[in-house]
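Comments concern the structure below.
The values are calculated or read from the model by the stated rules, or taken from the named source; none is laboratory data. In this text, all values refer to a predicted model and were calculated from it rather than measured experimentally. Glycine also receives a Cβ, built like all others from the backbone with ideal geometry; neighbour counts cover every protein chain displayed. The accessibility values were calculated without ligands, DNA or RNA, using every heavy atom of the protein model including side chains. Shrake-Rupley method; radii C 1.70, N 1.55, O 1.52, S 1.80 Å.
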Amino acid sequence: NPFYAGAYVYGKSEKRIELVDGRARKSYGHGKPPEAWDVLIRDHHAAYIDWAEYERNQMLLAANAYGRAGGQKSGRGGRALLAGMLTCGRCGRGLAVAYAGAPPGRPTYRCDRPNLMLGLPRCLSFGGSRVDAAIASEILRVVEPMAIEAALEAERMHREGEAERRRVAELDLQQSEYDASLAERRYAACDPENRLIAAQLEKHWEAALRRVEACRARLAATDTPDPTAPMPD
């Protein structure tokens, strides 16, 4: 909707009148191209997306519409690798996928819209197993170098993450040791006769010491290798 692009629009569709069997028949909701809209005011209000992105979205939606020639269509499920990506070389319509045999079935690509709509012979039909296998093999061949680069990048990011976690654990340990030392000094400086305050300071000191032990255990855990991680070559 152009509203999300900050535009005010009126008259996007039109009424059409056709003469059928000697009578006028009206039909509504026929879309018009933007240049034929009755009103189009750009930058009418704050937009969620810019106008260029709105136009790109319209192009993608138009290309993805089923039943129209041209464009790539989204797949509608199934195991066929090229569902929604193939078009007929004769009529330009998208190829449908049919499955035959025991589940999950063998895919067959075919252009059967002329047959379904007009009763004409199918433009073409061919099995998809060999085609899918050939395309899959080619895709793997092309992406293999990128897969190696992606693995190296993932390893680098993992090492940086481990180093950052260790640095945070070291900082937490330093802070906890300082807090424990401060709690100890406050307890030592307290008047023993003031038992209530001394008891509270002793509790704070013990809590600070427990936090020190927890931080040390956390730091030690960062030095323990992950048993699920792959061994370096």
Scan the stretch 127-142 and give yes if some residue there is charged (D, E, K, R), part of a helix (DSSP H, G or I), out of contact with any Asp or Glu (no Cβ under 9 Å at 6 or more places or on another chain) and touching a residue at least 12 places away in the same chain (Cβ under 8 Å), otherwise no. yes
Does the stretch 15-31 contain at least one residue that is in contact (Cβ under 8 Å) with a residue 24 or more places away in the chain and either among the hydroxyl-bearing types (Ser, Thr, Tyr) or within 20 Å of residue 59 (Cα to Cα) (or both)? no
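Listed here are the residues, each with its yes/no results for (1) of a type outside the set (Ser, Thr, Tyr); (2) open to solvent by 60 Å² or more (accessible area, probe 1.4 Å); (3) over 34 Å from the mean Cα position of the chain (by Cα); (4) closer than 30 Å to residue 114 by Cα.
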position	(1), (2), (3), (4)
126	yes, yes, no, yes
137	no, yes, no, no
144	yes, yes, no, no
162	yes, yes, no, no
169	yes, no, no, no
173	yes, no, yes, no
188	yes, yes, yes, no
198	yes, no, yes, no
If I ask for residues that are within 36 Å of the chain's Cα centre (by Cα), in a loop (DSSP other than H, G, I, E, B) and exposed (fewer than 10 other Cβ atoms within 10 Å of the Cβ), which ones from the stretch 12-44 would you list? 33
Filter result for the condition that a residue is open to solvent by 100 Å² or more (accessible area, probe 1.4 Å), of a type in the set (A, V, I, L, M, F, W, C), more than 30 Å from residue 224 (Cα to Cα) and out of contact with any helix residue (DSSP H, G or I) (no Cβ under 6 Å at 6 or more places or on another chain), over 117, 157: 117
Is it fair to say residue 148 is surrounded by 10 or more Cβ atoms within 10 Å (Cβ to Cβ), modelled with pLDDT of 85 or more, under 30 Å from residue 85 (Cβ atoms) and out of contact with any strand residue (DSSP E or B) (no Cβ under 8 Å at 6 or more places or on another chain)? no
